[in-house]
Amino acid sequence: MKPEDIAREQIDELLRQAGWVVCDVQDAHISAHRGVAIREFPLKTGHGFSDYLLYVDGKAAGVIEAKKAGVTLSGVETQSDRYIKGLPDGLPRWADPLPFAYQSTGIETRFTNGLEPQPKARSVFAFHRPELFAEWLNSGKPGVAETAPTYLDRGQTFLARMQNMPPLLEEGLWPAQITAINNLEKSLKENRPRALIQMATGSGKTFTAISFIYRLIKFAGARRVLFLVDRGNLADQTLKEFQQYVSPCNNFKFSEEYIVQRLQGNQIDTTARVCICTIQRLYSMLKGKELPQDLEEVSAGAALAAINAAPEPIEYNPKIPIETFDIIVTDEAHRSIYNLWAQVLEYFDAHLIGLTATPGKQTFGFFNQNLVMEYTHEMAVADKVNVNYDVYRIRTAITEAGSKVEAGYSVQIQERETRKKRWEQLDDDFAYDPNQLDRDVVAPDQIRKIIQTFRDRLFTEIFPGRTWVPKTTNSCPSPSASVPTSRHGWRGKAAASPPNNYTGWT
């Protein structure tokens, strides 16, 4: 079989998976299905044949130019431009030239949406469903709306509606948050596919994100936004923040106006406008597998090691089409999200927005160096948004080198999900490294030693106004639970029973 024929077989299959009926010219019934892809369609004299002509609801809407694997698709766009202008007279069409053009090898695919302002080609994982094309083609009205309720009528696509966003209502926002939102919207208007917001921890990063998400849904008509977090407990915390957000437009809470789903299974609520999820759950959904509950309570990096040394390649999942989300927001995800997990994000035809307090080189690279906001801790301290701090690190032999429990000893094992405890005798030596401490292994003596040292240095060396002891995982024990306060002669403010969304102890 020739390379061109192999490519067409792969394209045929991708089209079928995306809901298109693929047929030859003589077998075409353009009104029998929502989306029909006709092979080798003859065009006007001088325009040749279109490898695939796409019909939506009985009218021509776009073309696909097929090439064998290995061909550089960026040079094929001029051919597609000729085809979208070459439809024979008298045939029903949505517009002239046709609005949609693909170039594909079956492995690599590029797409141009002519309904967008200043259309330009972009890489996509697969083909869009005909239902999305129908939605775009049937939406939008000519002219510019003057009132908020009609903002969604001003363009056929998200990017078109971004061009005329209403002014930001600044009440309740700090200057840095205002700048971040305005800069991000400017980046989206310019059709820059990725943007990074750097804001110091404690400076209102999540509130900023919820504020711009609300605007993108209400005024730009974003169909659905994915908010990615690093751990399951952070998803619960983020859901509460969405539920507490009050609209500056109408005083409704976010969750009263739009449905917000905290994804805990593999089913996306089709009515949800915001989905909150971990990257590891999203990966399992695309693979069609159930994610063990305990893997949501560890970081993306730890989950990666548990699932596989490197995630298996993702294939198209008809239950989760590439257009499922218009916007994906990643919140302080592990750096591995931008390398080994990157294929999960790149599966979707969506704008990617990163939120971080401490970006690394990989993060900058993934977001194409498009830093739309930089608000460091020093800036936040100068603005009196944050307070300054000193780091006081206490090292122990176990935190530096790990340890070993010898065979024959009994150890207590606690289940992550139920927190049920049981004792088990070791048949072999159990060695653990520092990275496992307070994640897979808890050493009460080590925690006790740290707290004793902190107590002894508190008023002789540290003299803090307030001290924050960050937790490692949701199962990390509280100081009050690990070390009786009566032994030390002072009382901490930590609760004996930690809440599900706590991040540390004061």
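Quick notes on this structure:
- Taken over the range 302-349, the criterion of being modelled with pLDDT under 65 and either crowded, with 16+ Cβ neighbours inside 10 Å or in contact with a Gly (Cβ under 9 Å, 6 or more places away or on another chain) (or both) is satisfied by 302, 303, 304, 307, 311, 333, 334, 335, 336.
- Residue ID - farthest from residue 351 (Cα to Cα), chosen from residues in the range 227-254 that are small (Gly, Ala, Ser) and not in a loop (DSSP other than H, G, I, E, B): 232
- Of the strands (runs of 3 or more DSSP E) that lie entirely inside the range 84-126, those containing 1 or more residues that are over 16 Å from residue 67 (Cα atoms) and touching a Leu at 6+ places or on another chain (Cβ under 9 Å) span 100-104, 109-113.
- Of all residues in the range 390-436 being in contact (Cβ under 8 Å) with a residue 24 or more places away in the chain and of a type in the set (Ser, Thr, Tyr), the one that is nearest to residue 293 (Cα to Cα): 432
- Conditions (1) of a type outside the set (D, E, K, R); (2) crowded, with 21+ Cβ neighbours inside 10 Å; (3) in contact with a Cys (Cβ under 7 Å, 6 or more places away or on another chain); number of the one not met by residue 217: (3)
- The set of residues in the range 238-276 being aromatic (Phe, Trp, Tyr) and surrounded by fewer than 14 Cβ atoms within 10 Å (Cβ to Cβ) consists of 252 alone.
- Elements of type helices (runs of 4 or more DSSP H) contained in the range 394-506, each with 1 or more residues being modelled with pLDDT of 50 or more: 397-401, 444-457
The values are calculated or read from the model by the stated rules, or taken from the named source; none is laboratory data. Computed from a prediction, not measured in an experiment: that's the story for all the values here. Methodologically, a virtual Cβ is constructed for each residue, glycine included, from the backbone with ideal geometry; neighbour enumeration extends over all protein chains shown.
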